Amino acid sequence: MKRFTPYLLGVLGLFLLGWLGMVYYPYMAFAELRPDRDSTTNEVTPPGLPGTAVQGFRVYAANGCVECHSQYVRDKNEGADIDRKWGNRRTVARDYMNDGDVFLGSSRLGPDLTNVGARQKDAAWYYKLLYRPTSLNAESGMPAYPWLFIKRKIAGQPSADALQLAGEDAPPPGWEVVPNNDARELVGYLRALNRTYPLPEAPEPKE
Amino acid sequence: MINDTAAPLRAGRTLRLSQAAIAFYLLTGTAWLIIASLFWWLNTAQAFAPNARYAFAGVPWLTYGRVWPAFTNTFVFGWASLTGLGVALYFVSRLSRLSWRAGVMILTAGIIWNLSLVLGLWHVLGGGSTGRELLEINPSISFGLFLAAVLIITWLLVEFWAYRNELRSVPLWYLMAALLCFIWVFTTGQVIVNSWHTGGPTQPAIQSWYVNGLYQLWLVPLALGAAYILIPEGVQRPVYSLALARIGFWGYGAIAVWAGLFSFLGGPFPAWMQTVTIVANVLLILPVLALFANFHRTLNGRYGLAGPNLPLRFAVTGFFLFVAATFWSAFVSFRTVDFIFHFTLGMEARWTLLLAGFVSFTLIGSVYYVLPRLLDRGWLAPGMMRLQFWLASVGVGLLALDQVVGGLVQGYGLADAKIEFSAVVDIIRPFLLVRFVAVGMLFFSYLLFGLSVLLSMCFRYSERTRTTAEPVAPVETPAEVSVA
């Protein structure tokens with residue numbers, strides 16, 4: 001193998017084959033995905049994220065939540081995700097067709113968040129978790145995100161969305177902790193994470 | 001030989017620009033390694049104690065999720081890629097008797113690369129991460145990296161062609177293939193994922209292939225190329241078998257491109273893509289066995305030389321870590337095993353063996369080999385270098401073991417829905433602590449590495465200093481001779 005040109009063609013050819021299969025194929029195939037319309041209820045799935053939630057994924061990306069949290073549910077024979085109630089069925093490509101960025105994740109230091117919006121609906125709970133995870137679980141493995149909140153003196157009436165904190169976590173009397181815009185967007189995103197709608201290609205497993 | 005960029009610099013001859021440029025790559029790459037491992041170490045502390053003050057809890061730019069991409073990006077693009085480019089430029093120049101006339105361009109590209117990385121790091125820590133693995137740096141900044149890579153590699157190909165060069169030796173196959181693949185993989189990530197902003201399920205599919213491509217198609221062939229120089233030359237023997245070398249090369253290339261979906265097995269992708277990935281990871285064992293046989297036969301009876309010869313010692317240890325990484329990847333890709341290990345610390349063991357192990361060991365060995373020849377310097381503190389070797393070896397070994405056992409515990413915990421999630425978090429704390437200790441060892445090892453490089457920069461070459469680290473006098477690479 002001394003001559004350069006045959007070698008070059010060989011390397012590029014082998015490479016092209018793999019590239020076509022693993023890059024070009026998904027690129028073309030996933031572009032064909034269409035939402036599913038239920039013939040009786042006329043419901044369209046997946047519904048896609050509501051407008052208020054789409055900004056939140058920026059905050060999710062910027063703070064690297066994906067390093068500890070995954071966003072996909074595996075089939076019953078591939079893991080205990082469904083038994084852990086992280087989802088009622090496995091997630092498939094179509095589930096993500098409306099998403100700009102997809103944070104599948106490859107580590108589960110924290111629980112899967114594919115359907116966290118279906119489990120936890122209360123915004124105040126999320127704020128508390130993000131501000132002081134230790135207030136919900138003293139041994140929490142999740143870091144705090146205090147820079148998503150504003151600590152300020154109460155002027156007149158306390159704000160409606162001020163965090164209800166107790167003990168050491170509570171601000172001094174006359175002060176309050178309120179979520180900033182980033183926190184609102186992030187929690188909007190988290191609450192919208194709900195892929196429990198039905199899709200024909202991923203039926204709920206029977207017990 | 002006189003005009004070679006790689007010709008040894010001896011008294012009286014001035015440093016040429018292309019040589020200075022290569023030295024710049026190696027030195028800044030080494031600096032990035034220390035920075036990267038500092039982030040890594042901090043990150044392992046944060047995983048162990050996310051809300052402790054000593055882990056910088058509450059500091060936005062040092063939060064877990066920003067420190068991690070800071071670590072991976074500086075490690076892969078700062079240390080491995082930059083040093084790798086320097087090493088590749090040096091070896092290609094030497095093996096093909098090329099002298100880089102475009103010293104200015106190589107230097108410029110290196111400066112652009114470094115500046116983009118500094119800027120990108122600053123942006124990621126400041127909260128501008130895109131959250132896409134190894135593309136976290138904002139696309140307009142990482143375009144600088146892309147530009148620099150294109151500049152270097154295009155020029156290299158042009159020179160190579162202009163001289164009607166032949167692939168005289170085995171390492172050259174690997175080095176050229178690595179550079180070609182790098183450009184292709186990097187373009188795929190930068191253009192398809194970043195510029196076209198491909199969303200939906202396409203994004204993670206392509207991105208996973210891209211990440212794997214950076215490891216398996218760029219850094220691994222690069223390190224194999226270096227190993228094919230350091231090992232035969234270290235034992236003063238030609239490569240054992242050219243046929244085995246061919247099988248290893250083409251087999252590896254043909255299979256590794258298909259192994260891309262590794263981190264998303266069980267994910268929302270067509271079954272055939274996952275099956276192909278699994279099969280590819282298992283089949284990779286075959287070309288790696290061919291490589292192993294070849295290196296082993298080359299080394300046979302002379303393993304002892306790896307004691308005093310540090311570049312050889314790093315290359316040989318690195319290669320064994322590569323074999324381990326290949327077997328581990330094959331093992332964990334089986335569905336029943338993946339069931340347990342997916343999403344756990346065990347997934348990191350592959351990274352540890354491949355990147356912190358094979359690639360880093362081989363690159364460190366290459367730096368120990370190249371720098372004195374390039375700049376006419378000697379190694380002053382061989383004792384420190386040996387300590388560095390032992391710290392790195394024990395660090396990588398401990399880390400991999402910890403990740404495998406920790407991953408097993410975590411995996412069985414996660415697989416049993418009756419165990420509370422928070423109990424799983426608690427159960428792996430001791431493993432996170434050991435991980436912190438192991439990465440600390442690596443950090444100190446890299447610090448010593450940087451110190452050795454710094455020390456050797458300060459003093460000129462002399463026979464005495466050269467011989468302490470590497471007793472074998474430099475000769476023509478036997479690998480070259482055998483194939484010519």
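The values are calculated or read from the model by the stated rules, or taken from the named source; none is laboratory data. Note that the structure is predicted; figures quoted are calculated from it, not measured. When we count neighbours, we look across all protein chains shown, and the Cβ atoms used for this are built from the backbone with ideal geometry, even at glycine. Side chains included, ligands, DNA and RNA excluded: accessible areas come from the protein's heavy atoms. Shrake-Rupley method; radii C 1.70, N 1.55, O 1.52, S 1.80 Å.
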Q | Under 25 Å from the Cα of B:K418 - lysines, other chains or at least 8 residues apart | A | A:K76, A:K85, A:K121, A:K206
Q) Hey, can you rank B:17-23, B:272-278 by average C-beta count inside 10 Å, highest first? A) B:17-23, B:272-278
Q) Applying the Karplus parametrisation 6.51 cos²θ - 1.76 cosθ + 1.60 with θ = phi - 60° to the phi angles of region B:68-81, what ³J(HN,Hα) value in whole Hz is obtained for each residue in order, glycine and proline being reported as x? A) 4, x, 4, 5, 5, 5, 5, 5, 6, 8, x, 6, 5, 6
**Q.** Acute angle (nearest 10 degrees) that the helix B:103-123 long axis makes with the longest principal axis of chain B, alpha-carbon atoms
**A.** 20
Q | Cβ-based charge dipole, the protein assembly as shown, positive-most Cα from B:L284, B:T362, B:A271 | A | B:T362
Q.
On C-alpha positions alone, give me the angle between the axis of helix B:285-299 and the longest principal axis of chain B, in degrees, nearest 10.
A. 40
Q: Provide the per residue accessible area, probe 1.4 Å, for region A:51-192, rounded to a whole number of square angstrom.
A: 41
Q) For region B:11-458, what is the convex hull (Cα atoms) projected area averaged across all directions, in square nanometres? A) 21.2
(Q) Check which residues have an amide H placed less than 5 Å from A:D81's amide H, if you skip close sequence neighbours. (A) A:R74
Q. Taking amide H positions as placed 1.01 Å from N in the peptide plane, with prolines and chain starts having none, which residues 5 or more places from A:W175, or on another chain, fall under 5 Å of its amide H?
A. A:I154
Q: Please report the relative contact order for chain B, taking Cα pairs under 8 Å with a sequence separation of at least 6, and give it as a percent rounded to a whole number.
A: 19
Q: Determine the shielding of peptide A:25-37 by partner chains: average, over its residues, the number of Cβ atoms on other chains within 10 angstrom of each Cβ.
A: 4
Q.
Keeping every protein chain present and rolling a 1.4 Å probe, give me the accessible area per residue for region B:11-458 in Å².
A. 30
Q. How far apart, in nm, are two points set 7 Å out from the Cα along the Cα-to-Cβ line at B:T108 and at B:W61?
A. 3.1
Q: Would you mind giving the mean number of other chain beta-carbons within 10 Å of the Cβ of each residue in B:427-436, as a whole number?
A: 1
Q) Tell me, what HN-Hα J-couplings in whole Hz come from the Karplus equation 6.51 cos²θ - 1.76 cosθ + 1.60 at θ = phi - 60° for each residue of region A:97-106, using x for Gly and Pro? A) 5, 8, 7, x, 10, 10, 9, 5, x, 10
Q | Set of lysines with alpha-carbon distance to A:K151 below 19 Å, sequence-local pairs under 8 removed | A | A:K128
Q.
Quick check for me: using +1 on Lys/Arg Cβ and -1 on Asp/Glu Cβ, what's the dipole size of chain B about its Cα centre, in debye to the nearest 20?
A. 960
Q.
With +1 assigned to the C-beta of every Lys and Arg and -1 to the C-beta of every Asp and Glu, and no other charges, what is the dipole magnitude of the protein assembly as shown about the Cα centre in debye, to the nearest 20?
A. 1740
Q | Shielding of B:343-353 by partner chains, average beta-carbon count, 10 Å | A | 2
Q) Which is farthest toward the positive dipole end of chain B among B:L180, B:T352, B:A415, measuring Cα position about the Cα centre, with Cβ charges +1 (Lys, Arg) and -1 (Asp, Glu)? A) B:L180
Q. To the nearest 10 square angstrom, what accessible area does B:I427 show with a 1.4 Å probe?
A. 90
Q. What's the longest piece of chain B with no exposed GluC sites (Glu not before Pro), counting a site as exposed if DSSP puts it in a loop and it has at most 13 other beta carbons within 10 Å?
A. B:1-419
Q. If amide H atoms are built 1.01 Å from N in the plane of the peptide, which residues on other chains or at least 5 residues away come under 5 Å of the amide H of A:F149?
A. A:N180
Q: Give a residue-ordered list of calculated ³J(HN,Hα) values for region A:63-77 (Karplus: 6.51 cos²θ - 1.76 cosθ + 1.60, θ = phi - 60°; whole Hz; x for Gly, Pro).
A: 9, x, 4, 5, 5, 10, 10, 9, 9, 8, 9, 8, 4, 4, 8
Q) Rounded to whole Å and sorted largest first, what semi-axes of the equivalent ellipsoid does the C-alpha gyration tensor of the protein assembly as shown yield via the square root of 5 times each eigenvalue? A) 46, 28, 23
